[in-house]
Every structure is written in structure tokens, then in C-alpha cells.
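Asker: Okay, here's the structure, questions in a sec.
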Amino acid sequence: MAKTINIQPVTRIEGHARISIQLDDQGRVADSKLHIMAMRGFEKFIEGRPAEEVPRIVSRICGICPWMHHTAANKAVDQCFGAQVPPAGRKLRELMQVMAHISDKILHFFFLAAPDFVMGAGADYKIRNVLGLAQAAPELAAQVVKMRQAGQMMLERFAGKVIHPVAMVPGGFAKPMSQKERDELLAGAGEQLEFAKFCMKYAKENVFAKLDQDALSLGRITTGFLGLVDPADGSLNLFDGALRLMKPDGSYLDFNCRQYADFLGERVETWSYGKFPYARVWGEGFSMDLEAPKGIYRSNTLARLNVCDRINTPLAQAELEEFRRRFGRPAQSTTLYHWARLIELVYACERVLEILEDETITDPLVRNPVEPRAGRGVGCVEAPRGSLIHDYVTGDDGCIASANMIVGTTHNLAPMNMSVRRAALDAIKGGQVSEEALNQVEMAVRCYDP
Amino acid sequence: MALRVAEEGLSSCSGCEVAILNLGERLLALAPQLDFVHMPLLMDHKYFGQLGDGDLKRLEIPQAELGLVSGGVRNQEHLEVLQAMRANCGTLVALGTCATHGGIPALINGLANAELMERYYRGCETNDPAPDPTETVPPFLERVYALDEKVKVDIYLPGCPPHPDHIAEAVLAFLEGREPALPHKSVCDACPTVRQGKGQLKSVRRFLQNAQYDPAKPIADMRCLLEQGLLCMGPVTRAGCSGADGEAPRCLKARVPCRGCYGPVRQNGNQMLDMLNALASNGIDIKTLPDRAGGLLRFSGAHGRLRPRPAAK
């Protein structure tokens, strides 16, 4: 008999979602959807607010990646007001934003995703979580908790507030870094890099080594990719650069972030509050058909590693080379998001050290005063979950006249729907529904770390 | 027997849950005394059965002694989850300012839903315009509500997010069967900056250049930001963000003014009225403030405080 299965809520993800799977009379998967259940409307309710206040408001879009919204918003307001950020202000911004990537990746890999691999996809749900992991592997869990916490506290000690930060301001940064603070962060960043190396080794031995063909084809789809690259050499850049939109065949277009609306569009479906970005510039329309997708590209870790030509830090570059040798470019396996995430963890730690090693970061000039005025700004950074775009228009009073945003997770809403369909088709056969099968469907979503 | 705990986030950002995780090693130490029976961010308990075949009219939350709910109430699903949490949790904690006062998402309360939908689904530059989503998604309520507008709340733990020290205190106090010791004063009471008393200040200005201070010196040597002429919500905002060590309010540590993220000093206070009074009594012209309601009620727009302006229909 035909029926609908509801996976609600989708768990061990950051947002609020539900999966519905329709089975036909023969118990085959006839349809499936990932529904985004809420919409808060930041684009609308920041209208009329003084633009310099907005970076402290939009951070609340995401309590897991508030630094990303804080950074993108400041970059957008700088452009609206015509502000020139002093070099040390820019360095502090990149430092904070890349540091925030570090604890985010530890959180996602170990707290949210790892229980499926370490405890097993079919383990009892009561232990298939980070607390179960802490009982099964107490030493590992203690180390993970300690290092994630250390990363968060490094940010908090310097910048005051780590969840919903306030230290970046239009025109630069609110406080300079002292030599003592720099020394402390250098010591902490060195420990984070050692831990990142440990994570990579641990994951290769205990998780990635066990990825068989079935695991690699979980939620497998074929799409294009989007991510920021450094315009100078095409290298990975989380903080700034040009957007690169790659087709499934590996060919790509680079464009200035300010032109995003010429390249990307957003579809609305009747069954989800989240919108569905697609590659408008490809001129093929939009379809989530598994066999013949149209306009579909992905964002987030795997996308960034696919679009970049290289990584300018040595350990991460070595990891990227190995990854490319094994999986090619672009790599399409959805499960590889996890692997790519740990390569980015290594990069983020190396990059933080690089920034801190520049002694001019302690220059006391970190902010230039700004003047409210009419203008437009598009701030773009790579958030852990994908390319983050904040587009603001200000009026003569320097208040927001209109705003448009595309946040990281949103880019992946269409791909996640497709991966859910793929995983459901593979896991549910002949009407046989098990907890493990349903968890495999959710694992496809968790790869994207939505 | 470990304490059974259920946790939920409604119209929220997961920042309160990250604040729980930011207990770090303290959370690991507490873990043996806690049995998390429901917490969507970390564990896989489902509303409608683990096989997804339950009755959609019967949302299941396991029985728990302690329930933590972050986020305000924005749609029908949030309301149903909140009611199920209330029915199944002995003690209910409103976790974070969205839960206690609406928080940032309640800024939408200054607008009608139709204006939001028009902009979001048909007005944005990247949109292919389309009708509002209405199938299989929970309908919006007319505005964002704080939890206590819908159910009885036992403990209020404001903050955006609450300081981990106070989350730990609330849980520990519950385990020990006593009242939690939470801050009840204002941010100013917890702020070490130098106040010289009523000055010549006639207006407050926007935060367009950094405060004046010597970065080599501690915060205790910096002049009060309000006295420097910057709008600072410290006088009308609940203390707590400095945590247990109490060194300084967190935004002040970054040398930026408070924006009121802990909500009013008293649970039923009004940050806008209180701030306008505080400024007026110091002879400061309140007309100099841009975006008065949206600025002063930035975190506490629920409870009917922030409403659509009549001109906006």
C-alpha cells in the first residue's frame, strides 16, 4: 500500500528540515523531498536599519557560523560607504574568519557526522551520537572537545564574543591586537595545526579507509560546483576573491562577486520555505531530475576543492594532490565532502599561522572612520557551508534600502534534494524500511553539513 | 538515575546550542549525570517514530525532568513542538533571548507577513518570482512570540547566546535541587569602564568610528561608551554576558557598545521606554537616534512591543 515516511526532524544538522519519502503500492520510492520548515526574513527586516549596525544583526542568521555573516556584512557595508579598510584591519578580519572555520569543521566532523561512521549507520539511535562516541572512545572525545573549545576560546579571548561576534566594524576592526595577544594566538594556532594533522590521520585510518564503493556512492549525483578562488593564481581562498562556477565537465567561468545575479538565480518551490539557487548563466533552466539535472551546482567543502587550482599552504596542498590523484577533478562523490572538510581544516590552521606570523598584524591602525551614504555593496566569503553573498543597497542616510542574501547552505538545497532521492532509492527496496536505511538517507544530507 | 533532559530549538540560529557545547570539558564532566532523551542538533530522536510512520497529529517528545527550549515561536510547527515540550518536561527553561523576548527574529514583528513574503519570494533580484510556499510546510503565525506568550515558563535564561557559565549553573542548580544563581542587575552594574557622571552630552552618535581608549590599558581605564557619546544599551539590559569571572561585558571586551542582547533587566521590562527615560533624564535629545524602535527593541520585540506601523497597513 502506498505510504509516506516522514523523517522529522532531520537531526545532527544545523537547521530545521524534514524529509518526506513517498512509497508506491509496490513499496518503491516514488518521490522524496527535503523540506526547509522555516524562514525568518533577515533580507526584509534589516531594511531601514543603519547599515553599520547590520553586521551585528545578520550574525544571528547562523549561530554555528556567525563569523561568516559578520564578515560578509562588513565587507558589503564597506562598499556601500566607500570605506578603505587599513591593512591590519583586513588581516584581523581574515584571521578571525579563518579561525572560525577551524572549530566549525571539528564540530561538524566529530560531533555531527562521525557517529555514523564510528558507531555505525545502523547503531541504536540512543548511542549514535557524540555522547555515545564519548563513551566508546573517551580519549578521542576528550581531545576533540578540548581542541574545539580551545579554538572557540582563542576567538573569544581576543574578540570578546565568539558566538555572535561584534569585533569587526565597517571600516575595519574595533580593537588592535597586542604583541601579547599575538604570541598567545600563535601558540594556540600551533596546537590547532597539530590537532588538524591528527584528525586527518585518524580519519584516513578509521573512516576514509573503510569507504567502499557503496559508501562512496551514497547520495551520488553529478553537478557543477561554485566557490571563491584567489584571482591571482586560482588558489583556495576562504576570505576573498572571485567566484568560480564550474560545470560538471570541469570547465568554468570566473566572475566578480558583484555580478552574482547575472550568473545565479533562485527558484521557489511550493513545498519548501528555502529557495533553490541554480546556475542561471548556463541557460538550461532548473531541474532536479537525477538523470538529467539542469542548472544544478554544489557549494561547500568539496566544491571549493574542486574549483580551486591549488592550495597555497604546503600540508593542505599535499592532501589536495593525493585527493585529486584518487578521485579526479571535479570529484562528484557526496561522501567526499567529509574528506574535503578535513583538508580544509588543515588549510585553515596553516593559514591562521601564516597570518599571525606577519608582524604587521599588531599595527594599531585597524579602522578608518566611515561616513553614511548611498551606495551598494556585495560582500562575499566562503562559509563552512558554501559561498555566502550579502548584497546591500543603502540610502542617503546610510540605512539599508534593500538587501538580498544567498547563504551557504541554500546553494546546496537542490543538490541535497537530489542526494536524498538517490540515497532513498538505494536504501529502500521492496517497501522494507529500517532505521538504518532512513539514517543512510540522512547521512546523505549530513555530508553537506547543512 | 541520570537527569533526563530534552532540548529543542524553534525560530532560532543554533547559537544557544553551540553555547551549550562551549561548556567544553565541563559538559563532558556533567554528561554522566545527564541523559539527553531528545536534542535534534546532537541526537536522532524523531517526532513521528524512528521509522517515520507515526501519526502526524501526535508529535512525540520523551518524558524529561528538564526541558530547554531556544528560539521564539514563529510557525505552527514551533507551537506544536513547544506544547509537546511543555507537556512532557517537568521544568521548562526558556534558553536565550529569542525564547525569553523574541530576539533578533522578532524584528520582523514591525512588518506584516505579506510584506515579507512579497519581498522574499517575488522581490529579490535573483528570484524567479513565484507564489508563497504553502504545501507541507507549517503555516506562519502572525508574528514571533516569546515562549511565555504561549506556555508557562519556569526558568528564564536570556542572552544571545546565554553565557555557558549560566547554562551550567541552571543545570547544576536543578541537579542539586536549588534555585539557580543568575544575574539580575544591569550590564552597567557589571561594567568596569570609568563613569564621570552627567556631562555635557546633548546627543548620541552612530558607531562610525572606534571608541576612544588606550589599547595598552585595561577596559577598566576606558571611559564609559555612553559618556563618549555612543549609544550603549548597558543601563537597560540584563547583566550576565560577562560570565562567572565578571571581568567585563563581552561586547565591551571588543571595545564596542552593548546592543541589549540579554533583553530588559526585569523580565517584563521595556528596553525602549527604559532607554528613552535614561537618556532624557540625562538631557540627551532622543530625536538624534536613527531607527529608534528597531534599535532599542532589537532583541525584545515579542510580547507585542514591536508592531507593524499603521502606515505599513
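The values are calculated or read from the model by the stated rules, or taken from the named source; none is laboratory data. In this text the structure is predicted, and so the values were computed from the model without any measurement. Here the Cβ is made from the backbone with ideal geometry for all residues, glycine too, and neighbour counts use every protein chain on show. These accessible areas exclude ligands, DNA and RNA; they are computed on the full protein's heavy atoms, side chains included. Shrake-Rupley method; radii C 1.70, N 1.55, O 1.52, S 1.80 Å.
Asker: Give me the distance in nm between label points sitting 7 Å out from Cα along the Cα-to-Cβ direction at B:ARG292 and B:GLU176, one decimal.
Answerer: So the label points at B:ARG292 and B:GLU176 sit 4.6 nm apart.
Asker: Assuming 0.692 mPa s and 37 °C, estimate D for region B:184-306 with Stokes-Einstein, Rh taken as the Kirkwood radius over Cα pairs, in µm²/s.
Answerer: The calculation lands on 224 µm²/s.
Asker: Students often get this wrong, so check it: of A:LYS161/B:LYS185; A:LYS75/A:LYS201; B:LYS150/B:LYS185; A:LYS161/B:LYS150, which have C-alpha atoms separated by over 25 Å?
Answerer: Listed pairs above 25 Å: A:LYS75/A:LYS201; B:LYS150/B:LYS185; A:LYS161/B:LYS150.
Asker: Show me, for region B:128-137, the HN-Hα J-couplings you get by feeding each phi into the Karplus relation (A = 6.51, B = -1.76, C = 1.60, θ = phi - 60°), rounded to Hz, glycine and proline as x.
Answerer: Coupling constants for region B:128-137: 8, x, 7, x, 4, x, 9, 9, 6, 10 Hz.
Asker: GluC sites (Glu not before Pro), restricted to region B:45-94: which are DSSP loop and have at most 10 other Cβ atoms within 10 Å?
Answerer: none
Asker: Next question, about the same structure. Restricting things to alpha carbons, tell me how big chain A is in terms of Rg and Dmax, in Å.
Answerer: Expressed in Å, the Cα Rg and Dmax of chain A come to 21.5, 71.
Asker: Return the subset of A:LYS146/A:LYS210; A:LYS126/B:LYS46; A:LYS44/B:LYS202; B:LYS202/B:LYS253; A:LYS429/B:LYS57 for which the Cα-Cα distance in this structure is over 21 Å, preserving the input order. Before the final figure, lay out each step's value.
Answerer: On the way: A:LYS146/A:LYS210 27 Å; A:LYS126/B:LYS46 11 Å; A:LYS44/B:LYS202 33 Å; B:LYS202/B:LYS253 26 Å; A:LYS429/B:LYS57 27 Å.
Too far apart for the 21 Å limit: A:LYS146/A:LYS210; A:LYS44/B:LYS202; B:LYS202/B:LYS253; A:LYS429/B:LYS57.
Asker: Provide the FRET efficiency to the nearest 0.05 for the A:ARG258-A:ASP309 pair, computing r from the beta carbons and using R0 = 22 Å.
Answerer: That pair, A:ARG258 with A:ASP309, gives E of 0.45.
Asker: Under a 5 Å amide H to amide H cut-off, with H placed in plane at 1.01 Å, what residues pair with A:ALA30 once short-range neighbours are removed?
Answerer: The answer is A:GLN22, A:LEU23, A:ASP24.
Asker: Using the heavy atoms of the protein chains alone and a 1.4 angstrom probe, what is the accessible area of region A:79-129 per residue in square angstrom?
Answerer: Ligands and nucleic acids excluded, the figure is 26 Å² per residue.
Asker: Now a separate question. What order do B:MET117, A:MET1 take when sorted by accessible area (1.4 Å probe), most exposed first?
Answerer: If we order B:MET117, A:MET1 from most to least accessible, we get A:MET1, B:MET117.
Asker: Let me ask another. Where does chain B land at 222 nm, in deg cm²/dmol rounded to the nearest 500, when only DSSP H runs of n ≥ 4 count, each adding -39500 (n - 2.57), divided by all residues? Before the final figure, lay out each step's value.
Answerer: On the way: 9 runs with 69 residues, N = 313.
Helix-only estimate at 222 nm: -6000 deg cm²/dmol.
Asker: From the square roots a ≥ b ≥ c of the eigenvalues of the alpha-carbon gyration tensor of region A:39-124, which class results: rounded (a/c under 1.5), prolate (a/b over b/c), or oblate?
Answerer: Since a/c reaches 1.5 but b/c is at least a/b, the shape of region A:39-124 is classed as oblate.
Asker: A follow-up question, please. Across the residues of A:163-173, average count of Cβ atoms on other protein chains within 10 Å?
Answerer: 6
Asker: Here is a follow-up. Take the Cα gyration tensor of region A:1-82, multiply each eigenvalue by 5, square-root it, and list the three semi-axes largest first, rounded to whole angstrom.
Answerer: Value: 41, 12, 10 Å, ordered largest first.
Asker: Please work out, to two decimal places, the log10 of the ratio I(q)/I(0) at q = 0.17 Å⁻¹ from a Debye calculation in which every Cα of region A:293-415 carries one identical scatterer.
Answerer: Summing over Cα pairs of region A:293-415 leads to -0.98.
Asker: Enumerate the lysines that A:LYS247 could reach by cross-link, defined here as Cα to Cα under 25 Å, with residues fewer than 8 away along the same chain left out.
Answerer: Partners found: A:LYS33, A:LYS275, A:LYS294.
Asker: Quick check: Cα centre of region B:1-47 to Cα centre of region A:342-421, how many Å?
Answerer: 29
Asker: Considering only protein heavy atoms, with the full assembly of protein chains and a 1.4 angstrom probe, order A:SER235, B:SER203 by accessible area, largest first.
Answerer: Solvent-accessible surface, decreasing: B:SER203, A:SER235.
Asker: Okay, moving on. Taking all protein chains as present, what is the carbon and sulfur share of the accessible area of region B:1-140, in % to the nearest whole number, probe 1.4 Å?
Answerer: 54
Asker: How much accessible area per residue does region B:135-207 have, counting only protein heavy atoms and a probe of 1.4 Å, in square angstrom?
Answerer: So region B:135-207 comes to 51 Å² accessible per residue, rounded to a whole number.
Asker: Place +1 on the Cβ of every Lys and Arg and -1 on the Cβ of every Asp and Glu in the protein assembly as shown, take the dipole about the Cα centre, and give the residue among B:TYR145, B:ASN277, A:PRO314 whose Cα lies farthest towards its positive end.
Answerer: B:ASN277
Asker: Let me know the Kirkwood hydrodynamic radius for region B:1-100, please, with Cα pairs as the basis and the value in Å to one decimal.
Answerer: Computed over Cα pairs of region B:1-100, the Kirkwood hydrodynamic radius comes out at 13.9 Å.
Asker: With the crude spin-label approximation of a point 7 Å out along Cα→Cβ, what separation in nm comes out for A:ALA209 versus A:ASP249?
Answerer: Computed distance between label sites A:ALA209 and A:ASP249 equals 4.0 nm.
Asker: Let me make sure I get this right: for the protein assembly as shown, a, b and c are the square roots of the gyration tensor eigenvalues over alpha carbons, sorted descending. Under 1.5 in a/c it's rounded, otherwise prolate if a/b > b/c, else oblate. Which is it? Don't jump to the answer; show the numbers that get you there.
Answerer: Values: a/c = 1.39, a/b = 1.25, b/c = 1.12.
Because its axes are fairly even, with a/c under 1.5, the protein assembly as shown counts as rounded.
Asker: How much net charge surrounds A:CYS80 when only other residues with a Cβ under 13 Å from its Cβ are counted (Lys, Arg +1; Asp, Glu -1)?
Answerer: On the way: positive: A:ARG49, A:LYS75, A:ARG258, A:ARG373, A:ARG376; negative: A:GLU52, A:GLU53, A:ASP78, A:GLU371, A:ASP391, A:ASP396, A:ASP397.
My count for the surroundings of A:CYS80 gives -2.
Asker: Can you pull out the cysteines in chain B that have no other Cys Cβ under 4.7 Å?
Answerer: Lone cysteines by the Cβ rule: B:CYS13, B:CYS16, B:CYS89, B:CYS98, B:CYS124, B:CYS188, B:CYS191, B:CYS224, B:CYS232, B:CYS241, B:CYS251, B:CYS258.
Asker: Here's a follow-up. Grab the DSSP H runs of chain A that are 4 residues or longer, score each as -39,500 (n - 2.57), total them, divide by all residues and round the 222 nm result to the nearest 500 deg cm²/dmol.
Answerer: -13000 deg cm²/dmol
Asker: Sort A:4-17, B:41-54 by the packing proxy (mean of other Cβ within 10 Å over each peptide's residues), most packed first. Don't skip to the answer; put the middle values down first.
Answerer: Details: A:4-17: 23.2, B:41-54: 19.4.
Top to bottom by mean Cβ count within 10 Å: A:4-17, B:41-54.
Asker: Over the Cα atoms of chain B, each weighted equally, I'd like the Debye log10 I(q)/I(0) at q = 0.08, 0.09, 0.10, 0.14 Å⁻¹, rounded to two decimals.
Answerer: The Cα Debye sum returns log10 ratios of -0.42, -0.52, -0.64, -1.12.
Asker: Give the average, rounded to an integer, of partner chain Cβ atoms located within 10 angstrom of each Cβ in A:273-279.
Answerer: 3
Asker: Now, a different point. Kyte-Doolittle cut-off 1.0, length cut-off 24 Å along the helix's own axis using Cα: show which whole DSSP H helices in chain A pass.
Answerer: none
Asker: Let me ask something additional. Taking Cα pairs under 8 Å and at least six residues apart, what relative contact order does region B:3-176 come out at, in percent?
Answerer: RCO, region B:3-176: 28 percent.
Asker: With a cut-off of 8 Å between alpha carbons and a minimum separation of six or more residues, what is the relative contact order of region B:184-306 in percent?
Answerer: Reported as a whole number, the value is 29 percent.
Asker: Determine the sum of side-chain charges near B:LYS57: Lys and Arg each +1, Asp and Glu each -1, restricted to other residues whose C-beta is under 14 angstrom from that of B:LYS57. The partial results should precede the final answer.
Answerer: Numbers: positive: B:ARG58; negative: B:ASP53, B:ASP55, B:GLU60, B:GLU77, B:GLU80.
Taking every other residue near B:LYS57 into account, the sum is -4.
Asker: Count the net charge of all other residues whose Cβ sits under 12 Å from the Cβ of B:HIS38, scoring Lys and Arg as +1 and Asp and Glu as -1.
Answerer: In short, -2.
Asker: Also: Accessible area drop of at least 20 Å² (1.4 Å probe, protein heavy atoms): which residues of region B:186-213 qualify, relative to the chain alone?
Answerer: Relative to the lone chain, where solvent access is computed with a 1.4 Å probe, region B:186-213 loses at least 20 Å² at B:ARG206, B:PHE207, B:LEU208, B:GLN209, B:ASN210, B:TYR213.
Asker: With a 1.4 Å probe on protein heavy atoms only, work out how much accessible surface A and B bury together, total over both chains, in Å² to the nearest 100. Don't skip to the answer; put the middle values down first.
Answerer: Values: alone 17690 and 16410 Å², together 26140 Å².
Counting protein atoms only, the buried area is about 8000 Å².
Asker: Turning to a different aspect of this structure: When N counts the residues of region B:135-250, how does its alpha-carbon radius of gyration compare numerically with 2.2 N^0.38 Å, as a ratio?
Answerer: Numbers: Rg = 19.0 Å, N = 116, 2.2 N^0.38 = 13.4 Å.
Ratio of Rg to 2.2 N^0.38 Å for region B:135-250: 1.42.
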